[in-house]
Structures are given as structure tokens and as C-alpha cells.
Amino acid sequence: IPGMSSLGLTQEHYIPIIGEAISDYQSNPDLPTIDIPQLMKGDREERENTIDRGYPLTKFPDLRNYTSRLSMYGQERARESLNRLPAWLQEYFSWHAEQRKNPTSETKYIVVSCLKGQLACGGTSDRLRPLPYYLLVASLTRRVLLLKWNKPHDLYHFFMPPLDVDWRILPSFDRMIEPNRSAFYQSKITSFWLGKKCDLAIHSMEKCTRDIVKEINDCDKRFVQFDLLGKAYNRVNDGNLLFQTQSYEGEMPLINQWMFPNLFGDIFRVMFEPVPALAELVNSTMTSLGLEDGNYVSVHVRSRYPVPRMPQKNVDKNGGQLVLEGRTKGYLSHVSGNAIKCGMYLEPDLPIFFASDSNVVSEFALKHSDFPDGKPKIVTVTRLEEPRHTDQDDGWPGSLPADFYSGFEDLLIMGGSKCVAHGVGSFGSFGAGLIGNRCRAIHRAYNGKPDPCPNDRTRNNTIPVGKVRLQ
């Protein structure tokens, strides 16, 4: 991928266990000598132990020592974020960490999976937007939350826990998975799903949650799967609103459309930081673009969504080089220009980082955005191909985790912004959520048409918390 060779990164960096960590580990006299090939295959005795402590990769020295210094992520920011979270969630994270470090035969797990198969689990932002609600259910059921992806690759290829809240999947769960079947169709795993019956507003979600928590608590299985079927935006919003009823007093922020909760950025930083190779890439890109944490505005344009405005109907998931000509060129030129103006409205004196699901649109915006006095300064990442969508139906067979770095790179850079201007869909909203929605603008209406800024679509509306108390 662009920038990898200049960083001296090779294929061994594509997995969380980087070559530097392995060589340092082997040469350190204070650490026991281990058989690397045997370690990579897994220790048979440990794998057969009923107390599953995780994949053998956890025997390596703390990989956090090998992460580049990204001020917007990492241990220091994670600790700051942890202190801003509600007391019940801090307590759950503490309990979660203890269970992962010292599991017993009584430790139980709740797994949110995205597996290859026909039933969609959405892209990266769709999968992670319900995370606050997942944590609420995990807390209520007193189970350790784990995340399992194999579409296109497991999440630990992109992120790792900066603290001890280790969400990485266990080998014993992996052995239960039936290949090429989505999470919904896994016959060996007990699963619990929330569907359409919970879509009648927050009170329906409250009842559904009470019911399913009771069902899970009555289940003696060590592993259970749980998820919101289809990731319908209203279903996710109701779940996250229910999370907020347990996290605020008096008033709480309203969540609508594809919005992430205000607390999401802190939750994310407690649970995730980029793996070393991805952190190096982000650090190198920000340096080359002259971006400093908290001193730039991000603008995101979802060029291939809404699909009805595009000539091809499969371009959102499956991609394909976008051709800027005719009606498509005129439409996306208008969208991009309006998006940049919305970014200028937020902070006119700061540079703008322009990101898009199309490298063609990013380059077009860079070359054809003419503003007086050279302001704003617009920067973007020059790529040879567009970022790959993680939800392609076939799961991108034969791909490497690094093939998907560009999308995560854009997301992580947006998370270091002072402000974010985004349009429809949840990816740009993810970037705004990473900064706690503190400064954002929405530059497109729900039907895909450009919406000039300022507008009232990011008004900080609040609603009463009410009497809902689940604990």
C-alpha cells in the first residue's frame, strides 16, 4: 500500500506480532526462550485447557512498547478516557480486565461476531457503532465481551487493547466456528438476537433488553453470541440511547440517523489503539501532510453512497474505480465543494484533511478546490486505488490485512481532528464520534443532496433520561 515501502514495512508487519517484537523477544536474556514456529501454531496443552487464556501471541512482550507515539491514541489517552466514563462502565472494564488476566472455569463470554457468509454485518462503522450497547448488555449479563471478525480479517490485525480490556477472541471459540457460515447460521454456538420487534422506540428496546438479558443469564454456556440483527440504524440508536440512560443524570444527548454517542470516542480509546504497522503509517502520513493532533479539520465525502444516485448499483460494497464524467462528475464536484465549505465554516484558519471512499474524488477535490488567499489549505492522501470496503460479500479472498489499512488510516486521522464535517452514512459520523461530536457539521441531507452550512442538523439536542434503570 502507499507509504509502506518508505516506512520499511514488509509482510511480517501485516499481523500484530511484528518481526521487531519477535527478534527483540528472542534476544532478551530476561525473557524465556521460546520456539517461534510452535508458538505460532499454538501450544497443544494450553489449547486443550478449559481455562482459555487466549492465543499464544499473548505470551509475547507487551506490544504497546512497539507502537509509534500517536498522541490521540494509546495508553495515556486511554487512561484519560477511562476517567471520563460513567462509574458503572469503569467498574465493568476493571472486572473485564481481571477476568481476562485471571480467568477461571466460571468465566463466561459474550461474543459479537462478523463472519463470512450471506447475512450482512455491515462495514467497520456499522459493526462498531453499537459498541456502547454491547457493553451495557455484557455488563448486565456479567460476561466478558469479545469481538470476532473474519470478514475480511480479524479485528486484532488492525487494533489492539491499549489497557487490559482485552476483547480479542479465544482459540476455543474459533474452533467452534463453522467455515463460510455467517454468525446467524452457526449451529454450534448459542446465539441471541434482537430484531424488528424491538424497533418501536426506546421503551421497546428496554423490554427487549430485559428479556434477552434474562435469557442469557439463564444460559450456562461458556460462550454466547449476541447482536442486533441487520444493524438497522434506528435499532442501533435505540440501543445506544438505552446505554445513555444508564450513563447520564437528568438530560442526555439525542442520537439520530447514523450518529455515534458522545461517549464513543472515550470508549474507543479505552478498548483500541492501532497495531504498530498501522500506527506507523498514520504517523508518517500525518507528518508528511503537516497535520498536528487537534489542529486540523477533517472533511469526509462518501462518494458512492447513497447508491441510487450512482450509475452502478453495487459500487458501495464492491467498489470499482469511480469515473468522474458527465452527471457523476457534476454531482460529486458539487458535493465535495460544499463539504469543504462546511469544513471552513467550522474552523476557517485550520488546514482541511479531505477523505473519501474514492481516491479519484479526493484527488479531484485537491486539484479543483480554488479558494481566495490560498485558504483553506487542503491535504489528502494520494492513493493508487480506493479504500477497500470491509463488507464486500465474498470477504475479499486472498487479501492481506494491510490491503485494508487505507480505510482505517482515514478513520484514525479523522479521530485526531478538532472538527469533522461529514455527510450521509456512518463512516464519516464515526470520525465525528471519535472526537466526541464536539465540533461537527453535516454537509449532505439524508437523500444525498448537498446541504449548505451552517444548518441545524448538528444542534446539540438533549432529551430527559427518564426512569429507565436496568441495573
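The values are calculated or read from the model by the stated rules, or taken from the named source; none is laboratory data. Please read these numbers as outputs of a predicted model, since none were measured by experiment. Cβ sites come from the backbone with ideal geometry, for glycine too, and all protein chains shown count toward neighbours.
Here are some notes:
- Within the stretch 187-198, the set of residues being assigned to a loop (DSSP other than H, G, I, E, B) and over 24 Å from the mean Cα position of the chain (by Cα) comprises Ser187, Lys188, Ile189.
- Of the criteria (1) hydroxyl-bearing (Ser, Thr, Tyr); (2) modelled with pLDDT of 95 or more; (3) not in a loop (DSSP other than H, G, I, E, B), which one Ser362 fails: (2)
- In the stretch 324-337, the residues that are under 14 Å from Val301 (Cα atoms) reach residues that are of a type outside the set (D, E, K, R) and part of a helix (DSSP H, G or I) with C-beta atoms within less than 6 angstrom, at least six apart or across chains, in these pairs: Leu332/Val361; Ser336/Ala365.
- Residues being assigned to a loop (DSSP other than H, G, I, E, B) and at pLDDT 90 or above - total across the stretch 370-381: 3
- The residue list Ser105, Ser139, Ser113, Ser94 contains one member that is assigned by TED's automatic domain parsing to the domain that holds Asn180 and closer than 17 Å to Gly230 by Cα, which is Ser113.
- Qualifying position, being in contact with a strand residue (DSSP E or B) (Cβ under 9 Å, 6 or more places away or on another chain), in the same structural domain as Tyr296 (by TED's automatic domain parsing) and in a helix (DSSP H, G or I), among Gly343, Gly416: Gly343
- Cβ-Cβ contacts under 9 Å between residues 6 or more apart (or on different chains), taken from a first residue in the stretch 160-171 that is more than 17 Å from Ser81 (Cβ to Cβ) to a second residue that is assigned to a strand (DSSP E or B) and among the polar types (S, T, N, Q), are listed as Ile169/Ser113.
- Lys367 meets all of the listed conditions (1) in a loop (DSSP other than H, G, I, E, B); (2) under 27 Å from Lys329 (Cβ atoms) but one, namely (1).
- Filter pass, Glu347 being modelled with pLDDT of 90 or more, buried (at least 22 other Cβ atoms within 10 Å of the Cβ) and farther than 18 Å from Ser429 by Cβ: no
- Screening the stretch 84-176 for helices (runs of 4 or more DSSP H) wholly inside it with 2 or more residues that are over 18 Å from the mean Cα position of the chain (by Cα) and either surrounded by fewer than 22 Cβ atoms within 10 Å (Cβ to Cβ) or at negative phi (or both) returns the ranges 87-101, 131-141, 171-174.
- In the stretch 384-397, the count of residues that are within 21 Å of the chain's Cα centre (by Cα), of a type outside the set (A, V, I, L, M, F, W, C) and surrounded by fewer than 17 Cβ atoms within 10 Å (Cβ to Cβ) is one or more.
- The single residue among Val301, Val236 that is assigned by TED's automatic domain parsing to the domain that holds Phe159 and among the β-branched types (Val, Ile, Thr) turns out to be Val236.
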